[in-house]
Amino acid sequence: MQRRHRAAHRRIWIVLAALLPLLLLGALALRQGDPREAAPIRLSERAP
Amino acid sequence: MSAKYKPVSWTRSKIRYDVVVLSWIAIYLLVYLRLGPHLANVTLPPDDQTLAIKAYGSCAFLLLTLVLGIGPLARLDRRFLPVLYNRRHLGVMTCAVAAGHVLAVLDWYFAYSPTPPLAALLGADTSFGQVHGFPFIPFGLFGFVVLLAMAATSHDFWLAFLTPPVWKALHMAVYAAYAAIVLHVGLGALQDARDPTFTAVVLLSVVALCSLHLAAARQEHRRDAAFSRSAADPPWIDAGQANAIPESRAIVVRLAEGEPVAIFRHGNHLSAVSHVCAHQNGPLGEGRVVDGCITCPWHGYQYRLEDGCAPPPFTERIATYRLKLAGGRVLLDPRPNQPGTRVPPLEITA
């Protein structure tokens, strides 16, 4: 591999190594949690 | 060496390589499809189609990680070079498995869609304001299109037709494709995955791949820097007796820094060039001189002895080196000339 080509590869992977794990961890951190217990549904009280 | 189309020249090693890779792909898919439902810790196992989508998708992701990891592995340890030589075959297989994933998605989710499948695919998720439901499919589609373009142009015909700079630039797009596919997985499959194994595999593969590339880049950067420092006034290297080099063949001199050098003998003349072919890094020093040109043993790429240039109309060039004689021994200047630099062949006595 020529030097210029190697330098381009090096720059690309420095950027990817910084970005990709961060993006993945961010996506994991923000992922929706398991379904929780739903709020109780109030049935309308029948008018007397 | 021609811009005309030539079929892939199958060799025993290529066939063995493809058989091994195809077998592993088949085993992975079978294990995933057969054992996956039993291993999943869920009340309701996924249906067959969903399982197929996940099997093809995860297989394509792992194959792509492997394809991208072969380059730095081979640069860090030369024992991985044989895996590098047929990497294009692995890339084409990755694209085929990814196509299986795309087709399975279209068949399962959009087969009965009243809108065209592609439009339905791109408009499936519209929650731009949150991670869950974020449109992750366009990232995967972009990655697939790049893989498809690379697989379609992976043959040597396209390398010659597009010229190496354009072809290399096109194939560098695989990094953008990889980033897009990581986003596709992170915003898609990982959002629903409750199985920590899958999450761990994705995370570890991304970290391992980035680490490999950084380690290889660091090693090469150090080597280049050391070579630049020593290039100011390097000692000439004793390459042995001039008459020990067989006619039309070469000896290979491995330098402490930089690429190995092949010293060819043609009649009573010696010429030194890079041992590495500009086409696919083939071992030029294991080739021979045919019709006055150095001929790579792998694909027959040729270079002139005096300047390392491929004969017209071809444009490949390799680095040349200076030689001198001292008491019947050949001395090599380890500083490479720019590829294509003319160096008059060194005359020796028969």
*Could you tell me how many degrees, from 0 to 90 and to the nearest 10, lie between the Cα long axis of helix B:137-152 and the main elongation axis, the longest principal axis, of the Cα atoms of chain B?*
40 degrees
*Using the alpha-carbon atoms, what tilt in degrees (0 to 90, nearest 10) does helix B:196-230 show relative to the longest principal axis of chain B?*
20 degrees
*asked:* Expected output is a single nm value to one decimal: the length gained when fully extending between B:ARG222 and B:ALA149, i.e. 0.36 nm times separation in residues minus the C-alpha distance. What is it?
replied: 22.8 nm
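Less than 11 Å Cβ to Cβ from B:LEU81, Lys/Arg counted +1 and Asp/Glu -1: what total charge do the surrounding residues give?
+3
For the stretch B:136-226, which trypsin sites (Lys or Arg not before Pro) are in a loop by DSSP, counting at most 12 other Cβ atoms within 10 Å? Display every interim value, and only then the final one.
Details: sites: B:LYS168, B:ARG194, B:ARG218, B:ARG222, B:ARG223; in loops: B:ARG194.
Counting only loop positions with at most 12 other Cβ atoms within 10 Å, the trypsin sites (Lys or Arg not before Pro) in the stretch B:136-226 are B:ARG194.
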*In square nanometres, what is the average projected area of the Cα convex hull of the stretch B:188-334?*
12.9 nm²
*Per q in 0.09, 0.14, 0.16, 0.22 1/Å, what log10 I(q)/I(0) does a Debye calculation on the alpha-carbon atoms of the stretch B:29-146 return?*
-0.34, -0.76, -0.92, -1.23
*Of B:TYR301, B:PHE314, B:GLN338, whose Cα points farthest to the positive end of the dipole of the stretch B:292-341 (charges on the beta-carbon: +1 Lys, Arg; -1 Asp, Glu; origin at the Cα centre)?*
B:GLN338
*Treating only the Cβ atoms of Lys and Arg (+1) and Asp and Glu (-1) as charged, compute the dipole magnitude of the protein assembly as shown about its Cα centre; round to the nearest 20 debye.*
860 debye
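Can you quote the Å³ per residue value for the convex hull of the Cα atoms in the stretch B:69-215, rounded to an integer?
Numbers: hull volume 21.4 nm³, N = 147.
Dividing the Cα hull volume of the stretch B:69-215 by its residue count gives 145 Å³.
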*Charge sum, other residues only, whose C-beta stays under 14 Å from A:ILE14's C-beta, Lys/Arg counted +1 and Asp/Glu -1*: +3
_Residue (of B:LEU103, B:LEU66, B:ILE348) at the positive-pole extreme of chain B, dipole from beta-carbon charges_ = B:ILE348
*In Å, what is the Rg of the alpha-carbon atoms in the protein assembly as shown, and how long is Dmax?*
27.1, 122
_Cβ-isolated cysteines (cut-off 4.7 Å), chain B_ = B:CYS59, B:CYS95, B:CYS210, B:CYS293, B:CYS309
*What is the magnitude of the charge dipole of the stretch B:91-249 about its Cα centre, with +1 placed on the Cβ of each Lys and Arg, -1 on the Cβ of each Asp and Glu, and no other charges, expressed in debye to the nearest 20?*
220 debye
*Quick one: B:LEU162, B:LEU35, fewest Cβ neighbours within 10 Å first, how do they rank?*
B:LEU35, B:LEU162
*Mind listing the long-range amide H neighbours of B:CYS293? Cut-off is under 5 Å, sequence gap 5 or more, other chains count too, H placed in the peptide plane at 1.01 Å from N.*
none
_Selected from B:MET93, B:MET150, B:MET172 as most flexible by GNM, with chain B as the system and alpha-carbon contacts under 10 Å_ = B:MET172
*Given the options B:ARG75, B:ARG88, B:ARG34, which has the most mean-square fluctuation in a GNM of chain B, springs set between C-alpha atoms less than 10 angstrom apart?*
B:ARG34
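If each residue's Cβ is checked for other Cβ atoms within 10 Å, how do B:SER271, B:SER205 rank with the fewest at the top? Can you show the working numbers first?
Details: B:SER271 25, B:SER205 19.
Final ranking by Cβ density, sparse to dense: B:SER205, B:SER271.
Would you calculate a helix-derived [θ] at 222 nm for chain B, using -39,500 (n - 2.57) for each DSSP H run of n ≥ 4 and dividing by the full residue count, to the nearest 500?
Numbers: 10 runs with 177 residues, N = 350.
Counting only the DSSP helices, I get -17000 deg cm²/dmol.
So for B:SER127, B:SER154, B:SER211, fewest C-beta neighbours within 10 Å to most, what's the order? Show your work: numbers first, answer last.
On the way: B:SER127 10, B:SER154 19, B:SER211 14.
Ordered by Cβ neighbours within 10 Å, fewest first: B:SER127, B:SER211, B:SER154.
So if I take the alpha carbon set of the stretch B:134-180, get Rg, then get Rh from the Kirkwood formula, what is the Rg over Rh ratio? Intermediate results must be reported in sequence, preceding the final value.
Values: Rg = 12.0 Å, Rh = 11.2 Å.
Radius of gyration over Kirkwood radius for the stretch B:134-180 works out to 1.08.
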*For A:20-28, mean number of other protein chain Cβ atoms within 10 Å*: 6
*If one takes the longest principal axis of the Cα atoms in chain B, at what angle in degrees, from 0 to 90 and to the nearest 10, does the Cα axis of helix B:164-187 lie?*
30 degrees
*asked:* So if I take the centroid of the Cα atoms in the stretch B:61-109 and the same for the stretch B:234-296, what is the distance between those two points in Å?
replied: 33 Å
*Might you report the magnitude of the Cβ-based charge dipole of the stretch B:231-320 about its Cα centre, with Lys and Arg at +1 and Asp and Glu at -1, to the nearest 20 debye?*
220 debye
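Tally Lys and Arg at +1 and Asp and Glu at -1 over the other residues with C-beta under 12 Å from the C-beta of B:LEU90: what net charge comes out? Don't jump to the answer; show the numbers that get you there.
Details: positive: B:LYS14, B:ARG87, B:ARG88; negative: B:ASP18.
Counting the neighbours of B:LEU90, the net charge comes to +2.
Rule-based calculations on the coordinates, nothing more; no lab input. All of these numbers come straight from a predicted model, not from anything done at the bench. Neighbour counts run over all protein chains shown; Cβ positions are idealised from the backbone, glycine included.
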